[in-house]
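J.: The following block contains the structure, expressed as structure tokens.
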Amino acid sequence: MPGPEGWWGLQGFRPEMFALNLAFVLAVTRGLYSRTQQNPDLLFSLLMFGVTIFLVVSVFAGADLSIGFGFGLFAVFGILRYRTGAISTRDLTYLFVVVATAMINGLSAAPFGALLQVNLAVLLALALAQSSFFATPYSSLMVDYEHVAHTAQDHRPELITELRRRTGLDVQQVQLVNLDYVRDMARLRVIYRPVQGERAYSDQ
């Protein structure tokens, strides 16, 4: 049993909360995220963010640090990891959920049962948000398209018709993401209606 100084001499460390936090992170990464996304790099990041931030805030919990300390860690690690690479809104949401829950698990002095309910509530909210009940009826993908002039607003009907012909998709809308006048290329976000049985997906 841990003594008055805490487990392994760490005053703020609670082994039962470490186990709960690890179970939460694994449930998010393996049970929810990997069902719809295939990004092993982000899976690794989610796992290590969840474990590392829990350990750091647990170790420093006895130093009377505010919750701003944990958010500061999130900001620093986020800048280091994602400064040079784009991350989708969905992936960033998963990252924030893992970090925020790790901070709650590591900093809160609430009873284990209460924190277990909090973790289960977050998992339930994620599962519902990811379910077909809340799913968008449209999917989207990024397309590189030649001829910048053809992407003008007054040419959108013809552009949509051409994209339908090229891709075979039921294109509903086109959003202009980026223009490269040197190469005469445009990056487009193509929003289309998925075929029956296809899971709606957004690259955002």
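J.: Condition check: at pLDDT below 60 and crowded, with 18+ Cβ neighbours inside 10 Å. Does residue 62 satisfy that?
T.: no
Yes/no per residue for (1) of a type outside the set (A, V, I, L, M); (2) at pLDDT 85 or above:
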| position | (1), (2) |
| --- | --- |
| 114 | no, yes |
| 125 | no, yes |
| 130 | yes, no |
| 139 | yes, no |
| 145 | yes, yes |
| 154 | yes, no |
| 160 | no, yes |
| 199 | yes, no |
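J.: Moving to a separate point now. If the requirement is being outside any loop (DSSP other than H, G, I, E, B), at pLDDT 70 or above and surrounded by fewer than 14 Cβ atoms within 10 Å (Cβ to Cβ), which of these qualifies: 41, 91?
T.: 41
The values are calculated or read from the model by the stated rules, or taken from the named source; none is laboratory data. Predicted model only: the values in this text are computed from it and were never measured. Positions of Cβ are generated from backbone atoms using ideal geometry, with glycine treated the same way; all protein chains shown enter the neighbour counts.
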